[in-house]
Amino acid sequence: MRPTIATDAPPSAGADSILRIEDIRTVFPSGSGRIAAVDGVTLDVPRGKTLGIVGESGCGKSMLSLSIMRLVPPPGRVSDGRILLDGRDLAALSPAEMRGVRGAEIAMIFQEPMTSLNPVHTVGKQITEAMAAHDPKAGPAELRDRAIEALRRVRIPSPERRFAEYPHQLSGGMRQRVMIAMALACRPRLLIADEPTTALDVTVQAQILDLLRELQGETGMSVILITHDLGVVAEMADEVAVMYAGRVVERGTATDIFNDPQHPYTIGLLGSIPRIEEERDRLLAIEGSVPPPFALPKGCRFHPRCPFAIHACTEADPPLRELSPGHRAACIRAPVENALDVAA
């Protein structure tokens, strides 16, 4: 039984989008040429909604987020495509112009708060530095008050005391709240959350997700939620993009993805989720692993692991194809109900 998502959210194709990613490629040089970690991704982020990007480790999710922020580690770079924030191409901005966008218009929560926060500076200093970068006219007292208010907004108790503490004095959940406070300090219009609940226990994870949902409701910001956890996606996302080997292989509303998955990879991911209502001796698993970008198979990149693969799958990598309004999948055998009928 597939998890049921109760939502009437419309597909992004007809929605107002704050961010549009058009056919971007992020490449790294190698001895045999350029290797694409992100390879021809096109996505829309609906205004005021949450887009979940899901897939296994190594599928390109985090590299896509770094590409949007123009933070791809050298010698990597975005070689092709456009990243349009309300029509303005971020890929064409100068480094100084992009620094003005980061934090003020697009903010990011990174995977591990302990390594993202500077251990030798207090929490307050790090938040006020982020604010001062975008409001140089603000004085120290004003920045302090605004930083304490930011800590209060993310439900940190005794924010005046936490302002003067160092990251190692805080729990993992508190450090993640500090990261959220820093990200939202300048009220960005778009928040990228890269695995925001990694390494947190289940209770704290739920608190962080509830906090993000509440803050999104208060501010109206759009969110890109990057995760490998389909449970988090089911709880938070209005729309979902499934990535595999640097490409988007399925895209649709949360209802589409969870109730009617049409790519074999998506079906495999959903089949690996443990469910209380089902008795299983063992969890289903997708055999094999994501291929590295320097050793991609010919044809569909998923075909070596795909139970529905046929000879034609080895000859060409299929593009995303619309199966119903707003629901697209990159599989020549979709809709999969037909493939199951043939197999039977």
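One table, with the values for the structure above:
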| item | result |
| --- | --- |
| Contacts under 7 angstrom Cβ, first residue in the range 67-90 being at pLDDT 95 or above, partner among the acidic types (Asp, Glu) and assigned to a loop (DSSP other than H, G, I, E, B), 6 or more apart | LEU85/GLU105 |
| Residue list for the range 120-171, restricted to those being closer than 30 Å to ASP201 by Cβ, loosely packed, with under 13 Cβ neighbours inside 10 Å and aliphatic (A, V, I, L, M) | VAL120, ALA164 |
| Residue match in the range 195-205 (condition: surrounded by fewer than 24 Cβ atoms within 10 Å (Cβ to Cβ), within 30 Å of VAL336 (Cβ to Cβ) and out of contact with any Pro (no Cβ under 8 Å at 6 or more places or on another chain)) | yes |
| Residue that is modelled with the lowest pLDDT [pool: residues in the range 8-37 that are in a loop (DSSP other than H, G, I, E, B) and buried (at least 16 other Cβ atoms within 10 Å of the Cβ)] | ALA9 |
| Residues located in the range 296-308, provided they are surrounded by fewer than 18 Cβ atoms within 10 Å (Cβ to Cβ) and among the hydrophobic types (A, V, I, L, M, F, W, C) | LEU296 |
| Residue among GLU165, GLU97 that is in a helix (DSSP H, G or I) and more than 25 Å from THR50 (Cβ to Cβ) | GLU97 |
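The values are calculated or read from the model by the stated rules, or taken from the named source; none is laboratory data. Note that the structure is a prediction, hence the values are computed from the model and not measured. Because the Cβ atoms are built from the backbone with ideal geometry, glycine has one as well, and the counts that use them run over all protein chains shown.
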